[in-house]
Amino acid sequence: MNINEVAKLTELSPRQIREYEKLGLLQTIQRTDSGYRVFSDTQLQRLKFIKHARDVGFSLAQIEALLALQDNKQRSNAQVKALTRNHIDELSDKIQRLQSMKATLQGWHDSCLGDGSPTCSILEGLRNGVQDDSVTNHPCRTERSH
């Protein structure tokens, strides 16, 4: 299989595949006399593994560790589980940070009257670092003075 066929089967771009090869995540890829890559079924499966790992947010370093564990017939599934637990914890922290960001932005958005005046709770919040519940008492929420 050539790189374009593999790209279609794995839903990776040829650029990504070349990058994974460059990073050493793939074993040596055979080449034709004219220099084109020829992928084996084993390499196709490895690229699918990498794609699935990326889809659930594993970093390239984590994928490298997972591939090493996959290649090691003496591996312990406890190592794989620990690596995955760490990743889940990182994702949970990231979700919490994202939810906090969303709440802050939502508060700024909800506080803004959007009435065409120059007063803007969103810009005020960005300027002052106002977060979460404190935006509900922001001046933009009150009626404008005449």
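The values are calculated or read from the model by the stated rules, or taken from the named source; none is laboratory data. Since we're looking at a predicted model, the values are computed, not measured. Here Cβ is always computed from backbone atoms with ideal geometry, including for glycine, and neighbour counts include all displayed protein chains. Accessible surface is based on the protein model in full, side chains and every heavy atom, while ligands, DNA and RNA are left aside. Shrake-Rupley method; radii C 1.70, N 1.55, O 1.52, S 1.80 Å.
List of remarks:
- His52 crowded, with 16+ Cβ neighbours inside 10 Å and part of a helix (DSSP H, G or I): no
- Leading residue by the ranking (surrounded by the most Cβ atoms within 10 Å (Cβ to Cβ)) among those in segment 1-30 that are farther than 19 Å from Gln62 by Cβ and among the small types (Gly, Ala, Ser): Ala7
- In the set (1) at negative phi; (2) open to solvent by 60 Å² or more (accessible area, probe 1.4 Å); (3) at pLDDT below 95, Ser111 fails one condition alone, (2).
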